[in-house]
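J.: One structure, pasted below without further comment.
The values are calculated or read from the model by the stated rules, or taken from the named source; none is laboratory data. The model shown is predicted, which means the values in this text are computed figures rather than measured ones. Note: ideal-geometry Cβ built from the backbone for every residue, glycine included; neighbour counts use all protein chains shown.
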Amino acid sequence: MTGRVLHTSDWHLGRQIGRRYRRDAEFDAVLDEIVEIAADFAPHLIVHSGDLFDGRPGLDDVYRAAQALRRLGDIAPVVVVAGNHDTSNVLRFLDYVLTDMGNRVGNQVRVRFATDARPGGLLIAEYPAGDLTLRIGALPYLHPNRFAYDLADPAAATATYAERIRAVQADVYRRLAADRGPDDLLVFAAHLFVEGATPSHSERPVSIAADYAVAADALPGVDYGALGHIHKPQRVDRAGFPARYAGSPLQLDFGETRDTKSVVLAQIAPGKAPQIELVALKSGRPLVHLTGTLDEIAQRAERVGDAWVKAVVDVDAPTVFLAEALAKLLPQATIVDIEERFPGAAGQVLDRTAITAELPGIDDLLREYLPGRGTSGRALDHVMATFLDLQAEPDPAEPAACCEETLLTAVIAGESVDGVDRTGLLIGAEATGTEERR
């Protein structure tokens, strides 16, 4: 007999491509796919190891999460670990929606959230798995500041983050393994960065800094470790600790273009190495990074298809209508960013000593640019005349200098002040003198 665990992670609901493109349809499709995989696998426990949301979610994202977790909860009990992108208040609201509004079987809560790392708040739970029992200890993401407030310990005031997290993990394991029977299977779920893991660099940089890496040898000795936080699916290299990062279900950033996304199906039994199967996820548009000349990109265009594209185009000089040319080559793709790369461009920008000619003015650049956008002839002359008039108008936000300021500026500059209008000054002086005589 084995215990079956489905492990997913880092959904990042609400994540966009840049600031413009939402991915709601992709999230809906991949969540449907995860539910279908769970229904086929029939696990005894489903673990989501953190970052349910990408940040502060909108109502659509909360609804999407509630629907997906409810459907998974109908298949097996679900444990969700709070990640560094998750907000505890939002997860508590989801807990209320899914628990107090009907998602129970008898007295059993079908979806549970691990948001508290304090000894009295740690989630330690048991679930039947045939003749076996799955015992899970869940550790939410611990920001370094949490040690100062929620887990204050004067004796550990000078300890490093790694030393402190080691102590918390040891406490989770003590509670998890207390009174362990021969048919108990231990699962450790956590949202953290383990040293040696390969990030996709779409994670928040500060959260994968070396100072916050957890030592692999400090991870507890359990039957399976369900880890979240790193978006690239991978196993953790530590003997005696069978664990995996499930990774994100979609390619979230152009640092993940080579990642094959998946969910983890783990079958575990007492005293045996777990059987791990990765089921690839097929939903979602791929992210493609194209680099080369237009001709080189054209040769790859047929293979791109329906994708999000970032293009770096090698050109001889700045090219008009480059975006239109790429759109024709990639009719099914959404081009989210284009960078022109031409010889000497960096040197011209960074090395001022290489510039021998005087730089053109704004009006010259505008006159050169507008014909390429369809404005020429009399229309161009009219636009340029209007532009020059606007340049000549005084800025109402910057009123003209008063007489005192004009005089002071001239004196500081060492200029003659004989020609400066002193009318205002004389009026001010006479007024002052009048006041003094009074």
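J.: Just to be sure before I move on: is Arg4 at pLDDT below 95, more than 27 Å from Ile208 (Cα to Cα) and touching a Pro at 6+ places or on another chain (Cβ under 8 Å) in the structure I sent? Before the answer, list the steps.
T.: Numbers: at pLDDT below 95: no; more than 27 Å from Ile208 (Cα to Cα): yes; touching a Pro at 6+ places or on another chain (Cβ under 8 Å): yes.
Criteria not met by Arg4.
J.: Next question. Restricted to the range 221-240, and to residues that are part of a loop (DSSP other than H, G, I, E, B) and surrounded by fewer than 20 Cβ atoms within 10 Å (Cβ to Cβ), which residue is nearest to the chain's Cα centre (by Cα)? Can you show your working first?
T.: Taking the range 221-240 as the starting set, the residues that turn out to be part of a loop (DSSP other than H, G, I, E, B) are 221-223, 229-233, 236-240.
Now drop any that are not surrounded by fewer than 20 Cβ atoms within 10 Å (Cβ to Cβ), which leaves 221, 236-240.
Working: Gly221: 31, Val236: 23, Asp237: 26, Arg238: 28, Ala239: 31, Gly240: 32 Å.
Among them, the one singled out is Val236.
J.: Out of curiosity, is Gly50 surrounded by 24 or more Cβ atoms within 10 Å (Cβ to Cβ) and not aromatic (Phe, Trp, Tyr)?
T.: On the way: surrounded by 24 or more Cβ atoms within 10 Å (Cβ to Cβ): yes; not aromatic (Phe, Trp, Tyr): yes.
So Gly50 passes the test.
J.: Considering every residue within the range 285-307, establish whether at least one is of a type outside the set (D, E, K, R), in a strand (DSSP E or B) and in contact with a Pro (Cβ under 8 Å, 6 or more places away or on another chain).
T.: Taking every residue of the range 285-307 in turn, none turns out to be of a type outside the set (D, E, K, R), in a strand (DSSP E or B) and in contact with a Pro (Cβ under 8 Å, 6 or more places away or on another chain).
J.: A follow-up question, please. Out of Ala82, Ala25, report the one residue that is modelled with pLDDT of 95 or more, aliphatic (A, V, I, L, M) and buried (at least 23 other Cβ atoms within 10 Å of the Cβ). Reasoning before the result, please.
T.: On the way: Ala25 fails: buried (at least 23 other Cβ atoms within 10 Å of the Cβ).
From the options Ala82, Ala25, the qualifying one is Ala82.
Let's see how each residue does on (1) touching a helix residue (DSSP H, G or I) at 6+ places or on another chain (Cβ under 6 Å); (2) in contact (Cβ under 8 Å) with a residue 40 or more places away in the chain:
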{"residue": "Trp11", "(1), (2)": "no, yes"}
{"residue": "Asp40", "(1), (2)": "no, no"}
{"residue": "Pro43", "(1), (2)": "no, yes"}
{"residue": "Ala76", "(1), (2)": "no, yes"}
{"residue": "Asn84", "(1), (2)": "yes, yes"}
{"residue": "Thr87", "(1), (2)": "no, no"}
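J.: Kindly establish whether Ala266 is out of contact with any strand residue (DSSP E or B) (no Cβ under 8 Å at 6 or more places or on another chain) and either buried (at least 18 other Cβ atoms within 10 Å of the Cβ) or hydrophobic (A, V, I, L, M, F, W, C) (or both). Full working, then the answer.
T.: Values: out of contact with any strand residue (DSSP E or B) (no Cβ under 8 Å at 6 or more places or on another chain): no; either buried (at least 18 other Cβ atoms within 10 Å of the Cβ) or hydrophobic (A, V, I, L, M, F, W, C) (or both): yes.
So Ala266 does not fit the description; no.
J.: Another question about this same structure. Does Pro274 count as over 28 Å from the mean Cα position of the chain (by Cα) and within 17 Å of Val187 (Cβ to Cβ)?
T.: Yes; evaluated as a whole, the condition is true for this residue.
J.: Still on this structure: Do you know which residues across the range 1-41 are touching a strand residue (DSSP E or B) at 6+ places or on another chain (Cβ under 6 Å), part of a loop (DSSP other than H, G, I, E, B) and of a type in the set (S, T, N, Q)?
T.: Passing the criteria: Thr2, Ser9.
J.: Which ones in the range 254-263 are surrounded by 19 or more Cβ atoms within 10 Å (Cβ to Cβ), outside any strand (DSSP E or B) and in contact with a strand residue (DSSP E or B) (Cβ under 9 Å, 6 or more places away or on another chain)?
T.: Once the filter is applied, which keeps residues that are surrounded by 19 or more Cβ atoms within 10 Å (Cβ to Cβ), outside any strand (DSSP E or B) and in contact with a strand residue (DSSP E or B) (Cβ under 9 Å, 6 or more places away or on another chain), the range 254-263 yields Glu256, Lys261.
J.: Which condition breaks for Thr356 when tested against (1) at pLDDT 65 or above; (2) among the hydroxyl-bearing types (Ser, Thr, Tyr); (3) in a loop (DSSP other than H, G, I, E, B)?
T.: Failed condition: (1).
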